[in-house]
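Here, each number is a calculation from the coordinates, and none is a lab measurement. A quick note: this is a predicted structure, and the numbers were derived from the prediction, not measured. Every residue, glycine as well, gets a Cβ built from its backbone with ideal geometry; the counts of neighbours run over all protein chains shown.
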Amino acid sequence: MALVTMKEMLIDARKNKRAIGAFNVGNYETALAVLNAAEAEQSPVIIQVYDRLFTTDKASDIAGMLLRLANRSSQPIALHLDHGSCLEHVGKALRAGYSSVMFDGSRLSLEENIAKTRMAADLAHAAGCSVEGEIGHVAMGDETSLTSVDEAVEFAAKTGVDALAVSIGTAHGYYKAEPKLDIERCKAIADALPDVPLVLHGGSGTPLEAVRESIHNGIAKINIATEYLDTYLKSSQAELEKLAGKFLPVDKFYDPVVDACAAHAARLIRFFAGR
């Protein structure tokens, strides 16, 4: 299955009350594990690269590898810029071959967020790609601002986004206390925007039953970064401890790490699909 846009998979997911896992990657092993999980589950998946990697050549350098992985997959794969902080990074992602981008203007005023997200959407759509925006603000070590239904409707209408990230009580990173998701707010936004798939950021560590409720109420994309990349780090550490100072070729060393990450991603893909 060739590379696809995120829009193609999310519309179908929302219609069928399931969600697509979107996993952040930073190298070959984390990307390969996501691909292996998608193959094992026979499910579409979104491979994301965080905005920070677009401040250097990293995101562009790994684009060729990600495109090759996507194009040899039997499943629909979207490549996505996560939390794009500026239009320059949106353009950089599109030129590198990513099929989807996010412009995150959630810290801006509503008017500026709408204006810049509209520009990002125009760039993406002109390239045949999809775009995600965010209204409200999901905490990243700062204060969360829950999404207003009225502002979500205005934002979607004026920007033309293909997917909308909403703030309903999650946060990025690991939680210090269990989050309480505002499912009623999620449902109200979904009811007001029946044709716009909603996105849940801060999926790591969110109670799975709350995640399932959100999927039944409009969420069609769930971002997983912290817990997935933490699996990579801890699996790598465990393999190093097994070596006890001995040498092992790097490709062999990483095989069990890829397997551990793939198993983690597959469990979540399966859950998000309601299986």
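Using the Cβ atoms and a cut-off under 14 Å, what net charge is assigned to the surroundings of Gly274, where Lys and Arg are +1 and Asp and Glu are -1?
Once all neighbours under 14 Å are counted, the net charge is +4.
Run the helix sum for the chain: -39,500 (n - 2.57) per DSSP H stretch of 4+ residues, divided by residue count, reported at 222 nm to the nearest 500 deg cm²/dmol.
Taking each H run of at least 4 residues, the total per residue is -15500 deg cm²/dmol.
Among the listed values [x] 45; [y] 29; [z] 19, the one computed from these coordinates for percent of Cα pairs over 32 Å apart is [z].
Its alpha carbons give the range 1-92 an Rg and a Dmax of 13.0, 39 Å. On full extension, the segment bounded by Glu111 and Arg270 gains 53.4 nm, given 0.36 nm per residue less the C-alpha separation. Charged neighbours of Asp82, selected by a Cβ distance under 13 Å, balance to -2 (K, R count +1; D, E count -1). Loop-resident trypsin sites (Lys or Arg not before Pro) (DSSP state other than H, G, I, E or B) in the range 83-130 with no more than 14 further Cβ atoms inside 10 Å of their Cβ: Arg107.
Between the helical axis of 250-272 and the longest alpha-carbon principal axis of the chain there is an angle of about 40 degrees.
Where both bridge residues fall in the range 6-272, DSSP classifies roughly 5% of the beta bridges as antiparallel. Computed from Cα atoms, the angle from the helix 183-192 axis to the main principal axis of the chain rounds to 60 degrees.
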